[in-house]
Amino acid sequence: PLHNQKGVMIGYAGRLINDVEVTDEQPKYKFPGERERDGVVYEFRKTLFVYNGHRVQGPAGNLIVVEGFPAVWWLHQAGFDQVVGLMGSSCSDEQADIIKNIVSPGGRLWFFPDGDPAGEHCAIDLLAKLSPFRFVRWIKLESGRQPTDCGPQELATLFNKKQQ
């Protein structure tokens, strides 16, 4: 389920498990399409919210920002509750505002994108939009790695060392 910042469900998303099966006709992620209810047309736009943002107890002192929801789930399972996902490798102005408002003015943002060109683009985009307003750090992964490749101990080491 997908919820806006107020906790209102705005749709469902799906992810194809086997990346080998991804094609133009069968994308890795499926999001709600345009729909009509009682004469009103609703259009889902992932750029207008951040995944898991409604669960973050703000204002947060630390917030981890990742690209996709599997990384949100993985980090949550490893004990990191203050984590949101962009659902892609770019950050819209609306998402930047939401993230900025979740984190206290003296808080820290930890960008933890995938270790690929799209992840680098994501981090640069986030840095440009949020570093004028909050303290930011980019946790860089080796090429080809994703946050879900990091075990709980490695995650604790990455973030504890950065926060000292």
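The values are calculated or read from the model by the stated rules, or taken from the named source; none is laboratory data. Every value quoted in this text rests on a predicted model; they were computed, and no experiment measured them. Neighbour counts are summed over all protein chains in view; Cβ atoms, including those assigned to glycine, are modelled from backbone coordinates with ideal geometry. Note: areas computed on protein heavy atoms with side chains; ligands, DNA, RNA excluded. Shrake-Rupley method; radii C 1.70, N 1.55, O 1.52, S 1.80 Å.
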Considering only DSSP states other than H, G, I, E and B, which GluC sites (Glu not before Pro) in the range 16-70 qualify as loop sites with at most 15 other Cβ atoms within 10 Å?
GLU25, GLU34, GLU43
At most 10 other Cβ within 10 Å, DSSP loop - trypsin sites (Lys or Arg not before Pro), the range 1-71
LYS6
Counting pairs of alpha carbon atoms under 8 Å apart in space and at least six apart in sequence, what relative contact order in percent does the range 1-135 give?
21
Express the carbon and sulfur contribution to the solvent-accessible surface of the range 12-128 as a percent, rounded to the nearest whole number, probe 1.4 angstrom.
49
Going by the alpha-carbon gyration tensor, a ≥ b ≥ c the square roots of its eigenvalues, is the range 89-164 rounded (a/c under 1.5) or, if a/c is not under 1.5, prolate (a/b greater than b/c) versus oblate?
oblate
Take the cross-link list LYS28/LYS129; LYS6/LYS100; LYS6/LYS28 and give me the ones stretching past 25 Å between alpha-carbons.
LYS28/LYS129; LYS6/LYS28
Compute the Cα gyration tensor for the range 33-109, then decide on rounded, prolate or oblate, letting a ≥ b ≥ c be the square roots of its eigenvalues: rounded whenever a/c is under 1.5, prolate when a/b is larger than b/c in the other cases, and oblate in all that remain.
prolate
Would you give the gap between the C-alpha center of the range 1-16 and the C-alpha center of the range 54-111, rounded to a whole Å?
15
For the range 5-85, what proportion of DSSP beta bridges, expressed in % and rounded to the nearest 5, is antiparallel?
65
For the chain, what does the helix formula give at 222 nm: sum of -39500 (n - 2.57) over DSSP H segments with n ≥ 4, over the residue count, nearest 500 deg cm²/dmol?
-8500 deg cm²/dmol
Tell me the GluC sites (Glu not before Pro) within the range 94-155 that lie in a loop according to DSSP and have at most 12 other beta-carbon atoms within 10 Å.
GLU142
